[in-house]
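A.B. asks: Below you will find the structure I want to go over with you.
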Amino acid sequence: MTDVELARALERGEVPNAGFHHADHLRVACVYLSEGASVDEALARMSGTLRRFAASVGRAEKYSDRITAFWMYQMAAARAALPGADCAALLRAFPRLLHKDLIDAAAPRSADSSCDAPDRPLPRHAF
């Protein structure tokens with residue numbers, strides 16, 4: 001399945017929860033970034049799609065604006081570094097993007113801070 005086909009299947013609710021992994025999120029992010037006029041537009045679209053997906057599989061509480069924004073900005077930065085590259089090429093050039101724990105390394109938290117604290121901005125350059 002191509003990246004665009006995956007994005008359209010996700011939008012139609014045709015992707016099972018067990019079949020949608022981190023790399024698939026990144027593939028959809030690439031599609032939305034390439035189709036959108038801005039990163040903010042792509043982020044809004046990704047947020048809506050992931051909210052609907054999470055709700056459709058009974059896991060609405062798993063969606064996070066903070067995490068979605070982090071990954072969208074990471075993918076946008078990778079695209080800016082390699083203009084014209086497809087998602088597979090981006091992930092080969094920046095394999096750390098495939099590690100879900102990159103967000104933890106990019107935004108260390110103190111012991112008393114919440115994982116999804118809305119007042120805590122994330123760096124947009126963590127990769």
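The values are calculated or read from the model by the stated rules, or taken from the named source; none is laboratory data. These numbers come from a predicted model, not from an experiment. Counting neighbours? That spans all protein chains shown, and the Cβs are built from the backbone with ideal geometry, glycine included. These area figures cover heavy atoms from the full protein model, side chains too; ligands, DNA and RNA do not enter into them. Shrake-Rupley method; radii C 1.70, N 1.55, O 1.52, S 1.80 Å.
A.B. asks: Is it the case that some residue within the range 62-76 is hydroxyl-bearing (Ser, Thr, Tyr), in a helix (DSSP H, G or I) and within 16 Å of Lys100 (Cβ to Cβ)?
C.D. replies: So the first thing to find is which residues in the range 62-76 are hydroxyl-bearing (Ser, Thr, Tyr), and the list is 63-64, 68, 73.
So of that shortlist, the ones also in a helix (DSSP H, G or I) come out as 68, 73.
Now narrow it down to the ones that are within 16 Å of Lys100 (Cβ to Cβ): 68, 73.
Checked against the condition, which is being hydroxyl-bearing (Ser, Thr, Tyr), in a helix (DSSP H, G or I) and within 16 Å of Lys100 (Cβ to Cβ), the range 62-76 yields at least one hit.
A.B. asks: Next up: Are any residues in the range 30-60 over 14 Å from Ala9 (Cα atoms) and under 13 Å from the mean Cα position of the chain (by Cα), and if so, which ones?
C.D. replies: Cys30, Leu33, Val39, Asp40, Ala42, Leu43, Ala44, Arg45, Ser47, Gly48, Arg51
A.B. asks: Here is a further query. Taking the conditions exactly as written (open to solvent by 60 Å² or more (accessible area, probe 1.4 Å), free of Cβ contacts under 8 Å to residues at least 12 places away in the same chain and in a helix (DSSP H, G or I)), does Ala54 satisfy them or not?
C.D. replies: Numbers: open to solvent by 60 Å² or more (accessible area, probe 1.4 Å): no; free of Cβ contacts under 8 Å to residues at least 12 places away in the same chain: yes; in a helix (DSSP H, G or I): yes.
So Ala54 fails the test.
A.B. asks: Out of the range 1-16, which residues are touching a residue at least 12 places away in the same chain (Cβ under 8 Å) and not in a loop (DSSP other than H, G, I, E, B)?
C.D. replies: Matches in the range 1-16: Asp3, Val4, Leu6, Ala7, Leu10, Glu11.
A.B. asks: Still on this model: Being open to solvent by 30 Å² or more (accessible area, probe 1.4 Å) and outside any loop (DSSP other than H, G, I, E, B) is the filter here; which residues of the range 78-104 pass it?
C.D. replies: Listed by number, the residues that qualify are Arg79, Ala80, Ala81, Ala88, Arg92, Ala93, Pro95, Arg96, Leu98, Asp104.
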